[in-house]
Amino acid sequence: MDCLFCKIIQGDIPSSKVFENEYVYAFKDINPQMPVHVLIVPKAHLGSADEVDASNSRYVAAIFEAIPRIAAQAGLTNGYRVVTNVGEDGCQSVKHLHFHLLGGGKMSEKMN
Ligand code: AMP
Ligand code: ZN
């Protein structure tokens, strides 16, 4: 499959890995929007959060189990934001489910 994040998980495209386990791969965003900007992805190809169901939600649980560990490792002791974009209106550019972990400073109160 021609998927950028599948290729990153497989190591075919380089990335700055910050965390990995059986279900989860996390790496630094190439174009950071905050001092800390990590992408957290499932090791199975899911197109977006819109494809989450009972057959694959273990991956999402694993991602949210990893988030506090990744945040602590990144030094985000004063909070952070987790975002996932879905589809056209959500401005999702890479069609492999990913959660943005953003922090290292005060963010806008606006969500859009
Ligand atoms: P989204 O717009 O929610 O689909 O987010 C896609 C994110 O992937 C953007 O923040 C990009 O900066 C990031 N991105 C694209 N290509 C790469 C790459 N090769 N390595 C790391 N991050 C990437
Ligand atoms: Zn993929």
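The values are calculated or read from the model by the stated rules, or taken from the named source; none is laboratory data. Just so we're clear, the structure is a prediction, and the values are computed from it rather than from any experiment. All Cβ positions, even for glycine, are placed from backbone atoms using ideal geometry, and neighbour counts span all protein chains on display. For the accessible areas, the whole protein counts, side chains as well, though only heavy atoms, and no ligand, DNA or RNA atoms are used. Shrake-Rupley method; radii C 1.70, N 1.55, O 1.52, S 1.80 Å.
Given R0 = 22 Å, the distance between the Cβ atoms of E20 and R81 translates into a calculated FRET efficiency of 0.50.
Among the listed pairs K28/K95; K17/K95; K28/K106; K43/K110; K7/K106; K17/K43, those whose Cα-Cα separation exceeds 22 Å are K43/K110; K7/K106. Counting only alpha carbon atoms, the long axis of helix 57-73 and the longest principal axis of the chain meet at about 30°. Counted by Cβ distance under 15 Å from K17, the other residues give a net charge of 0, where Lys and Arg count +1 and Asp and Glu count -1.
Using C-alpha pairs below 8 Å separated by at least 6 residues, the relative contact order for the stretch 59-112 is 33 percent.
Gyration tensor analysis over the Cα atoms of the chain returns equivalent ellipsoid semi-axes of 21, 16, 14 Å (largest first, whole Å). Once each of the GluC sites (Glu not before Pro) sitting in a DSSP loop with at most 10 other beta-carbon atoms within 10 Å is removed, the chain keeps 23-87 as its longest stretch.
Taking the Cα centre of the chain as origin, sum charge times position over the Cβ atoms of Lys and Arg (+1) and Asp and Glu (-1), and report the length of that vector in debye to the nearest 20.
With only Lys, Arg, Asp and Glu charged at Cβ, the dipole is about 440 debye.
Using C-alpha pairs under 8 Å with a sequence gap of at least 6, the mean separation divided by the residue count of the chain gives a relative contact order of 30 percent. Here the chain has 50 percent of its accessible surface on carbon and sulfur atoms, given a 1.4 Å probe and all protein chains in place. The mean accessible area for residues of the chain, using a 1.4 Å probe and ignoring ligands and nucleic acids, is 61 Å² per residue.
Among the chymotrypsin sites (Phe, Trp or Tyr not before Pro) in the stretch 1-61, none is located in a DSSP loop while being surrounded by at most 14 other Cβ atoms within 10 Å of its own Cβ. Taking S15, S108 and ordering them by how much accessible surface each has at a 1.4 Å probe, largest first, produces S108, S15.
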